[in-house]
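All remarks here apply to the structure that follows.
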Amino acid sequence: MALLRQAPAARIMNQGELFLIATPIGNLGDITIRALETLRRVEMVAAEDTRTAKKLFQRYRINAPLVSLHDNSSPAQRQKLLEKLAAGAAVGLISEAGTPGISDPGYRLITEAVERGIRITPLPGPCAAVAALCASALPLDAFFFAGFLPPRPGPARRRLEALREIEATLIFYESPRRLNVTLALLLEVFGDRQACVARELSKIYEEFLRFPLSELLRLGAEREWRGEITLLVSGRDTKGINRDPEVLAREEERLESVLSAEGFGRGLSRRDLVDELAARFPRLKRRRIYELVNRRDF
Ligand code: SAM
């Protein structure tokens, strides 16, 4: 019913409208009928990467004129698009892959279009974060999209510390080159939580590695990460926590070595010390952490 009431042709002819069109993240078959219809009807398409867009257009015989719009586009380029929209044009926005604006350009154009009262219509479709999440086997009832971490270690650590208490599955985009560094940092800041590396979604070498962070790090030492990667980590104290006895024993070993580190816990009360360790090792029960701490002379 809703589809019939909103026939795209009628809407496009009557008013300026910005269509946010999700495109494939690998497999070119992952595009909706509505996305194709809209790409064929709009007056122009603003694309983050016109070369990728041309491949898609060739495959589906789309002839819409392409204009480039990326993070470094000048305000004047956005201005031109906004003027077109204000004059009644239907304009499509696509990113290099997936949903526009999700760790991709689009935000500024969207907010400026909203400020001018221009209608925005999202066309749902591929998004690596959602595809990875639903197959990760991590809790799906609540999730937090964290995008890319800052590239420098200091800001990345601070961002992770700010995310540590979130009780929802966390989703990160990451490059294969940085994955091991990020896994190590996550292990340090979050403790050994259950996680999933979702690689090459919708492509030939699609792969899901569902392991605790420590295991993923071990795997990363043995293989070279390649392709596009979405990394998911269970939230604090969620059911994603793996309490496998072997894994717990390794976790206790790691806790012991933290306790042995010179100067660790100096100046902290026993309670603060246990709080600190519980945050770092969320798999271990507090009672067990107390036992391990009490064996030492603090
Ligand atoms: N807008 C896109 C979306 O909706 O998913 C995301 C764009 S962002 C610039 C690109 C990042 O998304 C990649 O570095 C990777 O982390 C993730 N990604 C994109 N395609 C992917 C795929 N096929 N498999 C796994 N992760 C992917």
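The values are calculated or read from the model by the stated rules, or taken from the named source; none is laboratory data. None of the values given here were measured: they were computed from a predicted structure. With ideal geometry, Cβ positions are generated from the backbone for all residues, glycine too; neighbour counts draw on all protein chains shown. Accessible surface areas use protein heavy atoms only, side chains included; no ligands, DNA or RNA. Shrake-Rupley method; radii C 1.70, N 1.55, O 1.52, S 1.80 Å.
Numbers at a glance
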item: Residue ranges of strands (runs of 3 or more DSSP E) in the range 31-145 with at least 1 members farther than 14 Å from L18 by Cβ; result: 66-68
item: Residue within the range 54-76 that is of a type in the set (F, W, Y), within 13 Å of the ligand (Cβ to nearest atom) and either in the same structural domain as S175 (by TED's automatic domain parsing) or surrounded by fewer than 15 Cβ atoms within 10 Å (Cβ to Cβ) (or both) present; result: no
item: Test: L216 is within 16 Å of the ligand (Cβ to nearest atom), in contact with a helix residue (DSSP H, G or I) (Cβ under 9 Å, 6 or more places away or on another chain) and open to solvent by less than 50 Å² (accessible area, probe 1.4 Å); result: yes
item: Residue check, G240 at pLDDT below 85, open to solvent by less than 60 Å² (accessible area, probe 1.4 Å), under 29 Å from A168 (Cα atoms) and within 33 Å of the chain's Cα centre (by Cα); result: yes
item: Matching entry among I204, I166 (being touching a residue at least 60 places away in the same chain (Cβ under 8 Å), in a loop (DSSP other than H, G, I, E, B) and open to solvent by 30 Å² or more (accessible area, probe 1.4 Å)); result: I166
item: Set L133, L163: member being within 14 Å of the chain's Cα centre (by Cα), modelled with pLDDT of 95 or more and farther than 23 Å from E276 by Cα; result: L133
